[in-house]
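Asker: Here it is, the structure, as structure tokens.
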Amino acid sequence: MEQRVMWNHMESAGAEHLTLRTFTNHMEVRGTVLLVDQGVPHHLIYELKLGLDWKTKKVKVYQNQETEPFVVQAENQDKWWINGKYDENLDGATNVDLTITPFSNTLPINRVTWHVGERRTFKMVFIDVLRKEVCPLLQVYTYLGDNDGYRIFQYRCRDYETALVIDEHGWVVEYPGAFERRALLTTGGRRIEKQPQPLLANAPSVSEGIY
């Protein structure tokens with residue numbers, strides 16, 4: 001199966017085109033991002049290899065005209081290597097958070113099954129793509145409920161908090177002030193164009209462990 005998605009970047013001029021291909025034993029993602037950071041235009045390409053459980057196995061990032069990628073790779077027991085160097089601070093993380101794409105939110109959301117009111121904490125490998133900086137980061141998602149067929153998640157990271165609009169397959173439809181999905185195409189040709197409004201009402205939450 002193949003899916004293609006396009007988002008607008010709302011914080012600065014820019015957009016992203018992403019392709020997700022599903023194979024027998026794994027998934028592969030390729031994203032192309034055009035954005036402006038502090039007045040500087042950037043052309044970025046990232047490639048991810050994922051397990052069918054949505055855990056990240058490897059990330060490659062190419063910035064502008066670079067021919068050698070910046071590589072983040074996971075081995076057994078969720079241990080991580082940055083350009084070939086092991087970083088014990090990242091032990092136990094299951095996914096990456098790339099600053100340039102809302103696909104980062106899809107990864108933890110699709111890792112588990114959700115029920116309304118559930119709250120889960122994920123240890124992520126945070127990657128500042130433009131600065132090539134990596135660190136561990138805890139992120140909290142709470143499934144608040146549904147709005148017009150879409151799921152609404154409260155997302156909290158450090159002192160930042162917002163509500164995300166997510167479709168049934170885990171794709172980000174709306175990330176207020178940051179990203180907005182413009183198109184989704186599957187191998188069958190089905191398009192999803194309806195853009196819902198965020199549901200901001202709180203819902204009951206259940207404390208869970210780290211995933």
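Asker: Indicate the gyration tensor shape class of segment 1-91 (rounded, prolate or oblate), computed on the Cα atoms with a ≥ b ≥ c the square roots of the eigenvalues: a/c under 1.5 is rounded; otherwise a/b larger than b/c is prolate and the rest oblate.
Answerer: oblate
Asker: At 1.4 Å probe size, with the rest of the protein present, what percent of the exposed accessible area of the chain is carbon and sulfur atoms?
Answerer: Its accessible area is 47 percent carbon and sulfur atoms.
Asker: Another one. Charges on Cβ only, +1 for Lys and Arg, -1 for Asp and Glu, centred on the Cα centroid of the chain; of Gln77, Asn105, Val129, which one is farthest towards the dipole's positive end?
Answerer: Gln77
Asker: Next question, about the same structure. Using only the Cα atoms of the chain, build the gyration tensor, take square roots of its eigenvalues as a ≥ b ≥ c, and label the shape rounded, prolate or oblate: rounded if a/c is under 1.5, else prolate if a/b is larger than b/c, else oblate.
Answerer: rounded
Asker: Per residue, how much accessible area does the chain have with a 1.4 Å probe, in Å²?
Answerer: Here the residues of the chain average 50 Å² of exposed surface.
Asker: Residue farthest toward the positive end of the dipole of the chain, with Cβ of Lys/Arg at +1 and Asp/Glu at -1: which of Gln154, Leu90, Met27?
Answerer: Highest projection toward the positive end goes to Met27.
Asker: Among DSSP beta bridges whose residues both lie in the chain, state the antiparallel percentage, nearest 5.
Answerer: Once the DSSP bridges in the chain are tallied, antiparallel ones form about 95 percent.
Asker: Can you give the accessible area of Met1, probe radius 1.4 Å, in Å² rounded to 10?
Answerer: Estimated to the nearest 10 Å², Met1 gives 130 Å².
Asker: Can you send over the solvent-accessible area of Thr121, 1.4 Å probe, protein chains only, in Å² to the nearest 10?
Answerer: For Thr121, the solvent-accessible surface is approximately 30 Å².
Asker: Per DSSP H run of n ≥ 4, the term is -39500 (n - 2.57); total these for the chain, divide by its residue number, and report the mean residue ellipticity at 222 nm rounded to 500 deg cm²/dmol.
Answerer: Helices in the chain give a 222 nm mean residue ellipticity of -1000 deg cm²/dmol.
Asker: Please report the relative contact order for segment 1-116, taking Cα pairs under 8 Å with a sequence separation of at least 6, and give it as a percent rounded to a whole number.
Answerer: 14 percent
Asker: How large is the charge dipole for the chain, taken about the Cα centre, if only the Cβ atoms of Lys, Arg (+1) and Asp, Glu (-1) carry charge, to the nearest 20 debye?
Answerer: 380 debye
Asker: What aspartates and glutamates sit close enough to Lys55 to cross-link, taking a C-alpha to C-alpha distance under 17 Å and skipping anything fewer than 8 places away on the same chain?
Answerer: Reachable aspartates and glutamates: Glu28, Glu47, Glu75, Asp78, Asp91, Asp97.
Asker: Rounded to the nearest Å, what's the spacing between the alpha carbon centres of segment 1-67 and segment 106-161? Just the number, please.
Answerer: A separation of 18 Å, based on Cα centres.
Asker: Give the shape of segment 125-166 as rounded, prolate or oblate, defined through the alpha-carbon gyration tensor: a ≥ b ≥ c are the square roots of its eigenvalues, a/c under 1.5 means rounded, and otherwise the shape is prolate if a/b is larger than b/c and oblate if not.
Answerer: Verdict is prolate for segment 125-166.
Asker: Moving on. On a 1.4 Å probe surface of the protein chains, which of Phe70, Phe23 comes out largest in accessible area, and what is the full order?
Answerer: The ranking, largest first, comes out as Phe23, Phe70.
The values are calculated or read from the model by the stated rules, or taken from the named source; none is laboratory data. Quick caveat, the model's predicted, so the values are computed rather than measured. Neighbour counts are summed over all protein chains in view; Cβ atoms, including those assigned to glycine, are modelled from backbone coordinates with ideal geometry. Keep in mind that these areas ignore ligands, DNA and RNA; they rest on the heavy atoms of the full protein, side chains included. Shrake-Rupley method; radii C 1.70, N 1.55, O 1.52, S 1.80 Å.
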